[in-house]
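Notes for the one structure printed next.
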Amino acid sequence: MKRIIVLTVLNRSGVLNRITGLFTKRHYNIESITVGHSEIQDVSRITFVVHVDQEKDIEQLTKQLNKQIDVLKVTDITNQSIVQRELALIKVVSAPASRMEITGVIEPFRASIVDVSRESVVIQVTGESSKIEALIELLKPYGIKEVARTGTTAFARDNQQKPQTNKTISIV
């Protein structure tokens, strides 16, 4: 089963290597990793999308990650309400005559053309992985030259409860 694990870590040399080594030792397949600075100075945020076989595997992995010296927090956000995105750049074969058609294909995905050359266009798209996969499938008939993807980054949504209001309706 696919799980999304978010770590906050001290931004020090070798931290990522030690963490990925732990995944390797346990034979967990990492589907994607994104790493970047967080809102706190000298603290980075790492998002792993990982495949595990059983629920107990994720508990074991979480415990092992929490034991790492530079790891500040480990959260499995898979079953939470989350915001998740991925970025992809897709280079597609495109003669000038087919560019309007390609633009029509990418428009419903809110994708954009970010570079144009004589023989190709580069399309940028962000969203959930399934959205990116769907766009790639639609672009295959045109001829995909290259694809670069960032991997998933995500965090849990805030608990948003609608405020209850007591409305009085008066009929005049």
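Table for the structure above
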| quantity | calculated |
| --- | --- |
| Flag if residue 8 is β-branched (Val, Ile, Thr), under 30 Å from residue 137 (Cα atoms), touching a Lys or Arg at 6+ places or on another chain (Cβ under 8 Å) and surrounded by 14 or more Cβ atoms within 10 Å (Cβ to Cβ) | no |
| Residue in the stretch 76-86 that is within 19 Å of residue 147 (Cα to Cα) and either in contact (Cβ under 8 Å) with a residue 24 or more places away in the chain or in a loop (DSSP other than H, G, I, E, B) (or both) present | yes |
| Pairs with Cβ under 9 Å, 6+ apart, first in the stretch 42-55 and more than 13 Å from residue 155 (Cα to Cα) and assigned by TED's automatic domain parsing to the domain that holds residue 21, second of a type in the set (A, V, I, L, M, F, W, C) and assigned to a loop (DSSP other than H, G, I, E, B) | 51/1; 52/1; 53/1; 54/1; 55/1 |
| Unique residue being surrounded by 14 or more Cβ atoms within 10 Å (Cβ to Cβ), within 30 Å of residue 19 (Cβ to Cβ) and either at pLDDT below 95 or outside the structural domain of residue 8 (by TED's automatic domain parsing) (or both) when the list is 75, 103 | 75 |
| Qualifying positions in the stretch 137-166 - outside any loop (DSSP other than H, G, I, E, B), surrounded by fewer than 17 Cβ atoms within 10 Å (Cβ to Cβ), modelled with pLDDT of 95 or more and not charged (D, E, K, R) | 138, 141, 144, 147, 148 |
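The values are calculated or read from the model by the stated rules, or taken from the named source; none is laboratory data. The structure presented is a predicted model; accordingly, all values stated were derived computationally and were not measured. With ideal geometry, Cβ positions are generated from the backbone for all residues, glycine too; neighbour counts draw on all protein chains shown.
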